[in-house]
1. Just tell me which lysines come within less than 25 Å, Cα to Cα, of K162; anything on the same chain fewer than 8 places away is out.
2. In whole Hz, what ³J(HN,Hα) sequence does the stretch 227-238 give by Karplus (6.51, -1.76, 1.60; θ = phi - 60°), x for Gly and Pro?
3. Taking H as built 1.01 Å from N, whose amide H comes closer than 5 Å to the amide H of A40, not counting residues under 5 places away?
4. Over the Cα atoms of the stretch 196-293, compute the convex hull volume and normalise it per residue, giving Å³.
5. Going by the alpha-carbon gyration tensor, a ≥ b ≥ c the square roots of its eigenvalues, is the chain rounded (a/c under 1.5) or, if a/c is not under 1.5, prolate (a/b greater than b/c) versus oblate?
6. Express the carbon and sulfur contribution to the solvent-accessible surface of the stretch 102-184 as a percent, rounded to the nearest whole number, probe 1.4 angstrom.
7. Residue by residue through the stretch 28-43, which ³J(HN,Hα) values in whole Hz follow from phi under the Karplus form 6.51 cos²θ - 1.76 cosθ + 1.60 (θ = phi - 60°), with glycine and proline marked x?
8. Quote the convex hull volume per residue of the stretch 127-199, based on C-alpha atoms, as a whole number of Å³.
Amino acid sequence: MSDGFHQRRARMASVGVVGVGRIGAPLVARLVAAGHDVVATDIRPECRALVEESGAQWAPDATKVTAKVVFTVMPGNQELHDLAGDLLSHMDEGSVWIDLTSASLELGEECARAARENGVAYLDAPIGGGVAAMQEGTVTLYVGGDPAVLEANTPVLTSFAKAVHHAGASGMGYLTKLLINLLWFGHATLTTEVLLLAQRHGQSPDRMRHLLRGSAGDSAYVQHHLPALLQGDYLRDFGLDRCVEELDSIERTASQARTPHPLTSVIAELHRAALDRYGPVDGELMASALLEEQAQLFLRPVRPE
């Protein structure tokens, strides 16, 4: 690597981002907009133009992102696990690693141990809200780790988050986010079953949603996300295979904790069946698509050919 890169890097303020995908790209933009100097990287070299257009500096790989605070945004557990060793071995002692991936409780505990051994503070801080919320700077963070570390780094977190919740010890941020997602997946699939049954008996999905709102059967899903399904939008900002990975993680954690989880397993199996049927396509609501296919009904309006 040229001396020029290291000289430029030395003059930069210390915020780094590893992973410039759907969430990481708007994260970089939000950090730059908040006045932070940012260095970012991704395994895809074609992301360089997007990073530089945002006003951030491009680093050739994660080992060169040696900032005071480093954010990582990985697709899932395996990618985060594979990154951790190299990243930590090149982070300065006393720096802070904040991971925004939706990973497992067990991996969070493992990353925290590895970070301590390298003299690095670690927070697991998965996000709620998705791509649009990150673009707007209104995501919610569920944070596991030392509350003092969280307090010290809250100013940079509020560059892109409207709410920051301390969830407990390391790994509990991940678990909290996965449990919230589990409830959302459950609401989504059960609501689909409800609407399909109502439609079979002559009640339109739009009318049924109107009746559900404000009732005992209402939910954040009905209020905010069901309209997308009723327009044929299966929420393609997130991959079906990643949905299954999250549900698999929750099942494993529940099994290890020896807590009953029969409904969790039903929800997970339905999403596995959708993955078998459609493959690793984008769409958080592809389990609903599978239910529509099985019912031979669509909740969206079907236009005549």
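The values are calculated or read from the model by the stated rules, or taken from the named source; none is laboratory data. Everything quoted here is computed from the prediction, not taken from an experiment. Here the Cβ positions follow ideal geometry from the backbone for every residue, glycine too, while neighbour counts run over all protein chains shown. The accessibility values were calculated without ligands, DNA or RNA, using every heavy atom of the protein model including side chains. Shrake-Rupley method; radii C 1.70, N 1.55, O 1.52, S 1.80 Å.
1. Those lysines meeting the cut-off are K68, K177.
2. Karplus values, whole Hz, x for Gly and Pro: x, 5, 4, 5, 9, x, 9, 9, 6, 8, 7, 9.
3. Hits under the 5 Å cutoff: V17, Q57, W58, A59.
4. On the way: hull volume 11.6 nm³, N = 98.
Here the figure is 119 Å³ per residue.
5. Values: a/c = 2.25, a/b = 1.81, b/c = 1.24.
Judged from the Cα gyration tensor, the chain comes out prolate (a/c at least 1.5, a/b above b/c).
6. Working: 1830 of 3290 Å².
For the stretch 102-184, the apolar C and S fraction of the accessible surface comes to 56 percent.
7. So the J values, rounded to whole Hz, are 4, 4, 5, 5, 5, 4, 7, x, 7, 7, 10, 10, 9, 8, 7, 5.
8. Numbers: hull volume 6.2 nm³, N = 73.
It comes to 85 Å³ per residue, whole-number rounded.
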